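Data first, discussion second: the structure below is written as structure tokens.
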Amino acid sequence: MQTLWQDLRYGIRMLLKKPGFTVIAVFTLALGIGANTAIFSVVNTVLLRPLPYRDPDRLVMVWGNFRSLNMMRLGASAREFVDFKSQTSVFTELAAFQQMPFNLTGDEGPQRLSGLRATSELFNLLGVAPLSGRALVADDEKPGHEHVAVVSHRLWQTRFGGDPKNLDRRLTFDGSSYAVVGIMPPDFQFPFGLDEAQRPDIWVPAVFSAAEMNDRTQYNYQVIGRLNPGVTTAQARAEMDTIGRRFEQQYPRSYRGPKGEDGGWQVTLTTLQDEVVGNVRSLLLLLLAVVGFVLLIACANVTNLSLARASTRRREMAIRTALGASRVRVVRQMLTETLLLALIGGAVALPLALWGIELLIALGPKDIPRLNEIRLDLRVLGFTLGVSLVTGLLSGVAPAFRVGGARVHDALKEASIGMTSGVARQRLRSLLVVSEIALALVLLIGSGLMLKSFRLLLAVEPGFTADRVLTAQVLLTNSRYTDATAKLNFCNQLLARVRALPGVESAGMTTGLPLTGVTYGAPFSIEGKPFDPSGKPPHAYIRTVAPGYFETLGITLQQGRDFNPQDTAASTPVVIINQTFARDFFNGDPAGKRFKIGAPGSPRPWMQVAGIVRDVKADGLDAETVPEMYLPFAQNTGTAMTLVARTTGDPSGSIAAVRREVLSIDKDQPVYNIRTMRQLLGASIAQRRFNMQLLGAFACIALLLAASGLFGVMVYTVTQRTHEIGVRLALGAQTRDVLRLVVGNGMALAALGVAVGLAGAFGLTRLMSSLLFGVTATDAATFVIAPVVLLAVALLACYIPARRATKVDPLVALRYE
């Protein structure tokens, strides 16, 4: 222990003696360790930290799927859920739930809430008890039972001031009175991973109606189960698939695909952890690999610095050895100094990591689960300590053994710094530089692919004009809106009032905005054409819109006419289709054609094609354009709608006026999810922007580290070859000859690194194919531009030391030792 303290004290003195070396090494390591700590903290929170439920590893989600269409996540019908409970043996409990919105009304004003209809097993299955009161029980699900609700701690605090007496009060949701029977703990979330605006604030019992129990084709419920002890996910998946096949055989007419085909019904499972993580896993693992590359580059940099410093200390260590110090003690001394550097770098990395975490939370898209829960816990601190120790060992092993392995007789004869370093040492430093450049090039190419992918995504034409458009949602669930006439009156009044507002150019309504995927699809039959329900009948997305919608969003009419006030429930049913619909089903000419939703014998009316509008991206800029039909709101009224209004100036300035007009029509009608189309457009590409920004930032760090590593090696090389350069200049060498010599040596290393990096990138970038859009993982332009950029930076890193070499005075250099 005494010798260890001696090594530590001596190491600290040596680091303080060379502050320039110490600061550069610590900062380099801090960058690499800090980046790894920040990304690992995200991985730890999202992927490694267990969900806050009892035995979360045994929780699974149950999904239906048509094998022929590979359409996962169709949920289950009420009838299926009841049959699952009676026929399965792999679960201790099963629960069903359905996400749905609620309108809360009262003296405090209307408020739209996210909520859940859930069976009574849910809270016990999750292992979570209410903070106050009770959870849902089986009696609550009986028809005719008093309406009850469990509310979130957030709602209890914000709406009711945290008053415990609220357990005795009744609340009005969607025009019906509910008794509050329980308040959940403040940290309770279910479903898990939703952003704050989507988190449920109310849970009510799922009361299955007779219609639900008799219809297996309505996949309205999500099902969660807790596996029996000892049952694996694979075993449960096999049993549920057997049950799914049995249902398909017993009820063949109920298990047709969404397009009418006999698609082969199966039931499958996913763990709740996988359900929460979703597609984020691949991104986070990619980022973890990226920051690992950055750390390796930092290690190589510090190793090179340490090798250069160690070559100046060979005489010192040889003297210590001659005085009786063992080679093990010498190696330990060098490793101690490097470990000290790494530990200091780890300490400096922690504030950098905290800053990085704050940046990740600020820039991260809302669909990354648990993003706001990221913090530096003991696991992350342990990871940082471990990375620091490993980094210190990686950076210090080579210099330590180079110095410790030197022969005493040879080292004592060297004139400290004047001797040209050994060939083996020079080769090692060169190998480290080549490795740095290769790793940096892999990151540069990956970043370039992401940048090009994002640029191509921005170039996609969405089909609408997003500027100066405000959107706001309303949900007509009040008992006042039980018939189509009341809903239509509300819609017409609201549109008339909004259009009359100062600064509003036009206004319309829709059941689903572009880019959000908020819509539904159905098969349809074309008049005069065969309809095969067992095959693949035509299928399209359906949106209901009010007059003014297309004008407001700038969706241009390509043919025919727009909807008008004459399109009423008593007039001929009409429909507007998009260009893809017209091309796929009418060869671009739908004039005089009619079709209806469903089979020819369905009760839905035949609809006349009134016009064709421009294609609009329904599910995102990176999604395929699909056939869409637009129905007039007057002929197809609904409860959920989105107001769109184009303004002359900043649309956010009209928010208060729009909300005021809604309340003037109905004081109990909340308006929610107010945002501009620009915000919606930005949200649709937030994930890809986040990917590009992170990978680009780490690639830039890697480029700077690689360039600084090459610069450091060239500076050291020039210093070591000062005598040689002086001889060359004395014998008549020109400035360009010295430049060519030094730059040529450096660029040879850079070229070798680029060659190795290209080979590595060609294989590794294929792993990020799922994150790209419109560009292949081996895009030729990116594989050309990235090496050129790297070689240009390398040329600059070589040129500065080369210019320094040309300034050498031959007389001084010839006396240089």
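A few points about this structure:
- Semi-axes of the equivalent ellipsoid for segment 23-112, computed as √(5λ) from the eigenvalues of its C-alpha gyration tensor and ordered from largest down, come to 42, 25, 15 Å.
- Burial ranking of peptide ranges 626-633, 732-739 (average Cβ count within 10 Å, highest at the top): 626-633, 732-739
- Mean Cβ count within 10 Å, highest first, over the residues of peptides 291-298, 28-35: 28-35, 291-298
- Working note: Cα atoms of the chain, range along each principal axis, descending, whole Å: 105, 60, 56.
- Rounded, prolate or oblate (a/c below 1.5 giving rounded, otherwise prolate when a/b exceeds b/c) for segment 544-598 by Cα gyration tensor: oblate
- Relative protection proxy for 204-217, 552-565, 786-799, from highest mean packing down: 786-799, 552-565, 204-217 (other beta-carbon atoms within 10 angstrom).
- Summarising the amide proton neighbourhood of residue 54: residues at separation of 5 or more, or on other chains, whose placed amide H is nearer than 5 Å comprise 127.
- Cα centroid separation, segment 201-246 to segment 13-57: 43 Å.
- Simple point charges give the picture: +1 on the Cβ of Lys and Arg, -1 on the Cβ of Asp and Glu, and for the chain a dipole about the Cα centre of about 3360 debye.
- Helices in the chain, meaning DSSP H runs of at least 4 residues, each add -39500 (n - 2.57). Divided by all residues, the mean residue ellipticity at 222 nm is -16000 deg cm²/dmol.
- Largest-first principal axis extents, alpha carbons of segment 475-561, Å: 53, 37, 26
- Shape of segment 453-523, Cα gyration tensor, a/c cut at 1.5: oblate
- Overall form of segment 168-236 per C-alpha gyration tensor (a/c, 1.5; a/b vs b/c): oblate
- Each 10 Å bin from zero holds the following percent of Cα-Cα pairs in segment 704-789: 14, 34, 24, 16, 9, 3.
- Karplus-derived HN-Hα couplings along segment 562-567 (A = 6.51, B = -1.76, C = 1.60, θ = phi - 60°), whole Hz, x at Gly and Pro: 8, 5, 9, x, 6, 7
- When each of 487/667; 142/667; 529/596 is checked by Cα-Cα distance, pairs over 21 Å: 142/667
- Accessible surface comparison of 487, 593, 529, probe 1.4 Å, protein chains only, largest first: the order is 529, 593, 487.
- Degrees between helix 655-665 axis and first principal axis of the chain (Cα, 0 to 90, nearest 10): 20
- For segment 741-805, the alpha-carbon coordinates run over 48, 18, 15 Å along the three principal axes, in decreasing order.
- Nearest 10 degrees, 0 to 90: helix 19-43 Cα axis against the chain principal axis: 20
- Segment 109-162 versus segment 754-792: alpha-carbon centroid distance in Å: 52
- Extended-chain gain in nm, criterion 0.36 nm per residue less alpha-carbon gap, residue 769 and residue 9: 268.5 nm
- Principal-axis tilt of helix 280-311 within the chain, Cα atoms, nearest 10 degrees: 10
The values are calculated or read from the model by the stated rules, or taken from the named source; none is laboratory data. Just so it is clear, the model here is predicted, and its values are computed rather than measured. Every residue, glycine among them, receives a Cβ derived from its backbone with ideal geometry; neighbour counts consider all protein chains shown. Just the protein is used for accessible areas: all its heavy atoms, side chains included, with ligands, DNA and RNA removed. Shrake-Rupley method; radii C 1.70, N 1.55, O 1.52, S 1.80 Å.
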